Amino acid sequence: MSSSLLRLRPDTVSRDVLASIVVFLVAVPLCVGIAVASGVPAELGLVTGIVGGLVAGSMPGSSLQVSGPAAGLTVLVYEAVTTHGVVALGVLVLSTGLLQVGLGLIGFGRWFRAISTAVVHGMLAGIGLVLISSQLYAMAGSSAPGSGLDNLTGLPDLFSRITGAAATSSCAIGVGTIVVLILWKRLPGRLPGMLPGPLVAVGLATAAVAVFDLPVATIEVRGLIDSLRLTGLDDFGLLADLSLLGVVLAFTLIASAESLFSAAAVDRMHDGPRTHYNKELIAQGTGNTICGLVGALPMTAVIVRSAANVQGGARTKASRILHGVWLLLFAALFPAVLGLIPVAALAGILVHAGAKLIPVTTIRPLWRDHRGEAVVLVVTALAIILTDMFMGVLLGIGMAVVKTAWETSAVRLDIDEQHDRTTVALSGSATFLRLPLILDTLEALPKDRPVELDLTRLRHVDHACRTALEAWSTHSAVHDPVPATDGTPREAALAGVAPDGEGPPGPASR
């Protein structure tokens, strides 16, 4: 058995090396594009990718998923940098990392999987729409107005201002990049599988700008060392601003949820070891702590790079570590290459990435089969556009909780009217959400005969409903109560409903 393992080892190494190169080629344009769209130096995107490979990639958790800067946090980072400055980015990311490590240590990682799928899809849809609207301005060589709503409402004016050689050339490069990304994988042959679409699109755009000498803005290169800013103790004073604490919570929620959802998706792509969610959350937190110390972008696991890693034939975590090594060598040895890349091409890549975040194919069947979930998805996305990321996600989670509470608190009232009395039998769960229905039904009963309440079929009664039923029975003539199975009067069973909502005691509670 040991000899067979030795025979497999060279093949495993070669597969990991080839997969790492594929992931590196995918990661370079995405790391740079996300950094530029976030309003920070391009080199900081590479730094986050390097940390994601060398640090998070070497830690236990998930064996094959790859970490780096993610499009899902671009909008939030841009808003934070615009409002509080680049100096605040380090402490925000550092605090996020420490919080993630703490949550992983107390075993909170698995609970992130309990977040409603509709909220996650709504969050990604909102991010995608805001990302698209902001990057359309970059494709036209212009600056975005600011918030998601302002960006969307300003698009008609933007399209009317696309005149002149600079704006037209920039749009042509951006649109051409998107077209290449869409068509590349549809080409026949093995070439689309060997070369990543983002790399090809950026390469062709860069070549077009150079050959035709187009008046298109390119990336500003500052150098790897000059782009870094170490976070000091004094920077933690910025967290006295409560709005920054909200940003930290939003970073933590989104980065953790995206990473762990990505891990679940990657686990379905291969037959290797499954993800340990708490360890993966600690790995992500450790990476973000280091990114925060050097003032880089926040890090998450990224499904695009992870899928490329699995499809590239990776067998062990060595592939993602090596992808970090290649990023480090590229940033150290070839930084001038970044200065040749047109900003419009990176904007086109992010517009394409933003469109993939919108679950277009999911919404229609979701509306047909689970209309409440579809409403949560749409409201979450709209709330992110109209307010901000944090408030939108909170509203989505709140709606999901209310929807679940409503669906699980179904109660049925069966009314049996006889000549001498009316019997009302309640079944299901009696909660405050159903109180209007219960009380309206009871108050509409005829007043000329006694009323009996049968609660033996209730599974659950909360405090609000118990109190309301007791008050109604006291003030609204409940006569000749139905005896419980233990012989006690129904009034005693009703009054004895436990405050914790366990229902009538003894045999009367079933």
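Odds and ends about this structure:
- If only residues of region 125-184 that are charged (D, E, K, R) and part of a helix (DSSP H, G or I) are counted, the one that is nearest to Phe212 (Cα to Cα) is Asp157.
- Selection status of Leu340, aliphatic (A, V, I, L, M), in contact (Cβ under 8 Å) with a residue 60 or more places away in the chain, buried (at least 18 other Cβ atoms within 10 Å of the Cβ) and closer than 30 Å to Ala167 by Cβ: no
- Region 329-380, residues that are under 25 Å from Ile254 (Cα atoms), among the small types (Gly, Ala, Ser) and more than 18 Å from the chain's Cα centre (by Cα): Ala347, Gly348, Gly372
- Among residues of region 430-449, those that are more than 25 Å from Val402 (Cβ to Cβ) and open to solvent by 30 Å² or more (accessible area, probe 1.4 Å), counted: 6
- Here the condition is being out of contact with any Gly (no Cβ under 8 Å at 6 or more places or on another chain) and open to solvent by less than 40 Å² (accessible area, probe 1.4 Å); of Thr408, Thr467, Thr422, Thr404, it holds for Thr422 alone.
- Flag for Pro198 being closer than 18 Å to Gly312 by Cα and either open to solvent by less than 50 Å² (accessible area, probe 1.4 Å) or part of a helix (DSSP H, G or I) (or both): yes
- Within region 324-334, considering residues that are touching a residue at least 60 places away in the same chain (Cβ under 8 Å), out of contact with any helix residue (DSSP H, G or I) (no Cβ under 6 Å at 6 or more places or on another chain) and more than 14 Å from Leu30 (Cβ to Cβ), the one most open to solvent (accessible area, probe 1.4 Å): Ala332
Residue-by-condition table, conditions (1) modelled with pLDDT of 90 or more; (2) open to solvent by 30 Å² or more (accessible area, probe 1.4 Å):
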site	(1), (2)
Gln100	yes, no
Gly109	no, no
Ser143	no, yes
Leu149	no, yes
Leu155	no, no
Gly164	no, yes
Thr177	yes, no
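The values are calculated or read from the model by the stated rules, or taken from the named source; none is laboratory data. Because the structure is predicted, anything quoted here is derived from the model rather than measured. Here the Cβ is made from the backbone with ideal geometry for all residues, glycine too, and neighbour counts use every protein chain on show. Keep in mind that these areas ignore ligands, DNA and RNA; they rest on the heavy atoms of the full protein, side chains included. Shrake-Rupley method; radii C 1.70, N 1.55, O 1.52, S 1.80 Å.
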